[in-house]
């Protein structure tokens, strides 16, 4: 496998490799004047035979001898010159061919020979000297169809398709009669520029001209349709041919499917070719190998064996195709073996090996291999630089990326647009947006990839406003550069809009998509995500309904939108609809579903999803494992979280963090600390979130010294700069222990405390009735985060606790002015597979009368047997005591517990969830219920889990 390749293997091989220099053609500067040449008899080796043997030096001597004995030769001068010119063309010997050209011009009468000039056009085209070919062509007083075809071939074979088509148009205007050799050139030109319309027109003309059945024309047409991404047209043409005994024809259609990303069709045709008994050549193997990706690796190995038997592996392009096939199949060991056995290598060889490391995730090996190629004397080109820049970006290795940038500048490659785009991407992935912008602004020419990459770079680096600014810029400047905004660019723009939580920006972008006709399934799915992230679930669902051909991503996006906006029950309902529609959910959908069951504490549903994961063969690792740990913890079964955690073999930082946080939620601070210590022993590096979970666990378990110590470890040992949330945990820890002065002194040491810190201090002041510090914290909190309604409620509750009703009213008025609303209290529980929810003093439930009767019965039992008396101090409203008592009796968690007592079997555990913190009176009430009704009651509030058993709570009245 790829992982078995050791750097030492490449080291030892590369250091012993010979230098691979490009072999230069030997130039024979032999004069053609007969007086300066020693002639010898050539009667035994006629000139034509010598040229066929490919001996250029002998051919020149023979030609010189011929010119001295024209009177006895059986060869015309045109034929003699023609034979040597063809030999020079075949060997691409430009210098020698030009000598012949000079002698033709000087020869009497031969300089104007249409036949020889045509041969010269052909020669210059073969040698890549298009300018010279055109000069000879233009100077011809007369031209035959062969002359025109030679010039067409010179253009198209040297990558000048537009000039080919312009010349063809000139032929048609001049009325030149085309032949079967004309069509392959112009058809190939259409394929190169992907002009299907023009290619189809020329196809029609070929039919009218009676050339459609010509093998060369047919092969060119098949190739053209394939290059224009019309494999249907290519296949129809192929199927109409009766006698399919031409290997080139088969090669064209197999290559067409391979190049179009249709490996199954390509391989099927390869098998049909085998059955038809058509002799294969090296080009057949190369075309088939292009289709051999991982599912068809066995066929690739069969072809490899066939190539070894046929001895075609000596061809460089065949060896390159084998190497690429193995890298695509993830078999880097086999690819390395082929690479090391190759005696000749070109840039494709080196770049294929390098990209193979990158594509298979061996980024460090890719970097080492790149450095070794340079040591071996290879010169990096655009392709290798693009690969190494991509590797540096993925590794976030800024130093290597900058080295590659310097190399590109030194060798003049930084001006290449693809290299520049790769530099932008590398710097964005390394989180250096300043360098990214500098490269972008220095580009002389930018394409749509340049703009898209820089917008995505800003969006992914949390420079969302800048991303939108660049998008506005491309709308203004882009058309001048020929840049057409596409769906991929819009996707990056939507990412920025989503991160900003700016609904208006999302709507504007949606409008732009509709106006420009850019809608596709990917963008539609992204819009569902964007509206959901902006907390507009109605627009998200409207967008979802408009999608005609929904895929699994569409459903997952809507499910996630429901989950993120607190509609877990709707997420579960939508999942059921998805299954009915016959779609198989992927891991992302199931992770979202686990989040939905966790938010509802729907343990039964969570177990069903867990079972579904096992049945579908999903591996218990990564995000799935951590989501299961989190789901079981939030459903109140910490023991199941530990079971899942213990099963996972390869535990990453996220999984350890989830398990530590699970312990914290359930007030198991000691277990959380033990997990952290085990994590360190396993050499798993914690991150900011890990320390946040650990401090949270210490806070909810009253572990003051441990909490303070771990904050110092985080800063000193791991060099992490604490977030405001880390400081808030310490403030909360000190506040719960009524060490308010110490907590305040700690807050004053923080450079920018932030709202979360002041919120923690205010909560502690409220619990311990510290008016002075409470007022300071309240003022700071509202200044820090004036748009959060929860902050106003907290301040209002503090004033109410001190019976400062005028101040309470002022705070509520400020909330109204800002259009802010208090989040109403809500409790819910799962019963027989259905989630039942209750608001305070709720009477909407179908069994409302029975619930209140049961609640009255419970209260009577608690009063008589448990001495329960309502603590009206927890009612923060300016009403009389009797009304306060009624308000306490109607709290949502009590209604949920009454319903559970009514409907559940005797002795069964009761699991209730509440979106806000449980008040002190309800906490005392539930403790008594657990004792006198002999029930275990698990309550998850906004703060933590409470496990009530036999009249006591796991929190130790510390929450």
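Quick check on the exposure proxy: order 96, 860, 931 from fewest to most C-beta atoms within 10 angstrom.
Going from least to most buried by this count: 860, 931, 96.
Could you tell me how many degrees, from 0 to 90 and to the nearest 10, lie between the Cα long axis of helix 724-736 and the main elongation axis, the longest principal axis, of the Cα atoms of the chain?
So the helix axis and the longest Cα principal axis differ by about 20 degrees.
In whole angstrom, and with the biggest value first, how far do the Cα coordinates of region 272-394 range along each principal axis?
Sorted largest first, the three principal extents are 48, 29, 22 Å.
May I ask you to compute the full-extension gain from residue 821 to residue 406, defined as 0.36 nm times their residue separation minus their alpha-carbon distance, rounded to one decimal in nm?
Separation in residues times 0.36 nm, less the Cα-Cα distance, equals 143.7 nm.
Only Cα pairs under 8 Å and at least 6 apart count here; give the relative contact order of the chain as a rounded whole percent.
Reported relative contact order: 4 percent.
With r as the distance between the Cβ atoms of residue 813 and residue 903 and R0 = 60 Å, compute the FRET efficiency 1/(1 + (r/R0)^6) and round to 0.05.
After rounding, the FRET efficiency stands at 0.90.
Fewest first, what order do 949, 331 take by the number of other Cβ atoms within 10 Å?
Ascending Cβ contact count within 10 Å gives the list 949, 331.
Please compute the length gained on full extension between residue 583 and residue 949, using 0.36 nm multiplied by the number of residues separating them and subtracting their Cα-Cα distance.
Length difference between fully extended and current span is 127.4 nm.
What ranking do 48, 678 get, fewest neighbouring Cβ atoms within 10 angstrom at the top?
If I rank by nearby Cβ atoms, fewest first, I get 678, 48.
Run the simple label-point estimate for residue 441 and residue 374 please: 7 Å along Cα→C-beta, distance reported in nm.
Output for this residue pair reads 2.8 nm.
Distance in nm between label sites at residue 802 and residue 934, each 7 Å beyond Cα in the beta-carbon direction?
The modelled label-to-label distance comes out at 4.9 nm.
Along the principal axes of its C-alpha atoms, what lengths does region 826-953 span, in descending order and rounded to whole Å?
Principal axes ranked by extent give 40, 31, 30 Å for the Cα atoms.
Tell me the label-point distance for the pair residue 869, residue 535, using the 7 Å Cα-to-Cβ offset, in nm and rounded to one decimal.
It is 4.2 nm.
Please report the equivalent ellipsoid semi-axes of region 175-220, computed as sqrt(5 x eigenvalue) of the Cα gyration tensor, largest first, in whole Å.
Value: 16, 11, 10 Å, ordered largest first.
Compute the FRET efficiency between residue 768 and residue 521 as 1/(1 + (r/R0)^6), taking r as their Cβ-Cβ distance and R0 = 45 Å, and round to the nearest 0.05.
According to the calculation, E is roughly 0.20.
Mind pulling the per residue volume of the convex hull built on the Cα atoms of the chain? Å³ is fine.
Spread over its residues, the Cα hull of the chain gives 225 Å³ apiece.
So what's the gap between the Cα centers of region 576-631 and region 492-525, to the nearest angstrom?
One Cα centre to the other: 29 Å.
How long is the gain from residue 551 to residue 274 if the chain were fully straight, where each residue apart is worth 0.36 nm and the alpha carbon distance is subtracted?
Stretched fully, the residue 551-residue 274 segment lengthens by 95.9 nm.
Sorted from largest to smallest, which semi-axis lengths in Å does the alpha carbon gyration tensor of region 380-445 give for its equivalent ellipsoid, taking the root of 5 times each eigenvalue?
Ellipsoid half-lengths, sorted descending, are 16, 14, 9 Å.
In degrees, nearest 10, range 0 to 90: what is the angle between the Cα axis of helix 94-106 and the longest Cα principal axis of the chain?
Between helix and principal axis, roughly 40 degrees.
Okay, helix-only estimate at 222 nm for the chain: each DSSP H run of n ≥ 4 adds -39500 (n - 2.57), divide by all residues, round to 500 deg cm²/dmol; what do you get?
Taken over the chain, the calculation gives -21000 deg cm²/dmol.
Could you tell me how many degrees, from 0 to 90 and to the nearest 10, lie between the Cα long axis of helix 56-68 and the main elongation axis, the longest principal axis, of the Cα atoms of the chain?
The helix 56-68 is inclined about 30 degrees to the chain.
Since every read-out is calculated from the coordinates, none of them should be taken as a lab result. Just so you know, these numbers come straight off a predicted model, no measurement behind them. Because the Cβ atoms are built from the backbone with ideal geometry, glycine has one as well, and the counts that use them run over all protein chains shown.
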